[in-house]
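Notes follow once the structure below has been shown.
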Amino acid sequence: MKNTIRVGAVAAVSALALAACASAPEETTSSDTATAAAAPSVDYKACMVSDSGGFDDKSFNQSGYEGLTRAGDELGVTIASAESSSEADFAPNIDAQVAAGCDLIITVGFLLSQATVDAAIANPDVSFAIIDDLADNNYDGKTDAPNIKPITFETDEASFLAGYAAAGATKTGTLSTFGGMNIPSVTIFMNGFLAGADYYNAQKGGDVKVLGWDGKDGQFTGDFEDQSKGQNVTEEFLSQGADVVLPVAGPVGLGAAAAVQSAGDAWLIGVDSDWTKTTDYGDIVLTSVLKNISNSVFDTIKTTIDSGFSAEPYVGTLENEGVGLADFAAGAVPDDVVADLDTIKAGIIDGSISVDVTK
């Protein structure tokens, strides 16, 4: 199942298409790169704190960091970053960014939610944004501080398309998915994937099943770092007949990729970024569910510079191309299934097709 040629998922779908704990953030300016030399200097400092996956996770931390560096290059802002290696680093790294005079501090991921809220409340004159979370730790439907902008993504819309396509591509009739932790920013992928497979069954009269998630509970490795866990979970799925695996677990997903590659007769679906470009496993990647974090970070910084800070949430959808699908591996998905995705995408956008799990 090796492939070196990629094909467009479908015309409409292809269009979707480092500091230690408590130390001073690593800082650069637009003059640090040749490409940014032409960008006029802007008196603004945009900063970022990673979660424990780090900025080289081949996933959402890396994508966020790419958006930050693009802002430094193209907008002429000063940028700084602090890389976390564990949860204990979150609050000290954010505090270091505040002390370093950051105008906007972007934190990456649900796990930084409480530390971000605490810092925002303690520093009302500093603007914050958080990726993949509403910063609603009181669970009252409101962001817990007025100076935090949530950056969220309706990834279930794109993973619905992936689930439908995977159901058409499977030779065994068995798909699988697992997460790093049972948190909303993870399970939203798994929900859409299951719902898409179910929709395929309803439309095509199929009987494709999904291992690892039933809409309420499923398989989780418990972290986003230990690749051996991803490999072990995936090997178990493969032994049960799965030939498509969707890992929603950051670097843990690389362990899943290793298991799929070793099996030689299965596919992997990447998440967040196009895994044919960001990993060494491109030949076993069926497609990737794209969360265009880099664009959202850049746009948040640019809009804040141009128009001032707004706490109104950014929501990435199929309609605004905040989420999407990467190209399919050549010949892996039947033509009629690829063609269906035009109609399905339109139905998701206009609301006539629900991406919710119905069972």
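Odds and ends about this structure:
- 5 angstrom amide H check on Asp223, placed H, neighbours 5+ away: none
- Across segment 171-260, counting alpha-carbon atoms alone, Rg and Dmax equal 12.5, 39 Å.
- Hydrodynamic analysis of segment 190-232 uses the Kirkwood radius over alpha carbon pairs. Inserted into Stokes-Einstein at 37 °C and 0.692 mPa s, it gives a translational diffusion coefficient of 275 µm²/s.
- Computed with the Debye formula from one identical point scatterer per Cα of segment 50-128, without solvent, the log10 of I(q)/I(0) at q = 0.20 Å⁻¹ comes to -0.88.
- Dimensions of segment 220-345 from C-alpha coordinates, computed as largest minus smallest value along each principal axis and given longest first, are 54, 38, 23 Å.
- Under 5 Å from the amide H of Asn137 lie the amide H atoms of Asp144, each residue being 5 or more positions distant or on a separate chain, with H modelled from the backbone and absent for Pro and chain starts.
- Under the Debye formula (equal points on every Cα, no solvent term), log10 I(q)/I(0) of segment 278-331 at q = 0.18, 0.29, 0.30 Å⁻¹: -0.71, -1.14, -1.17
- Across the chain, Cα-Cα pairs more than 31 Å apart make up 33 percent of the total.
- Each of Val337, Val252 was scored by other Cβ atoms within 10 Å of its Cβ. Arranged with the fewest first, they read Val337, Val252.
The numbers here are math on the coordinates, done by the rules we state, and not lab data. Owing to the predicted nature of the structure, the values given are computational and were not obtained by experimental measurement. Cβ atoms come from the backbone with ideal geometry, glycine included; neighbour counts cover every protein chain shown.
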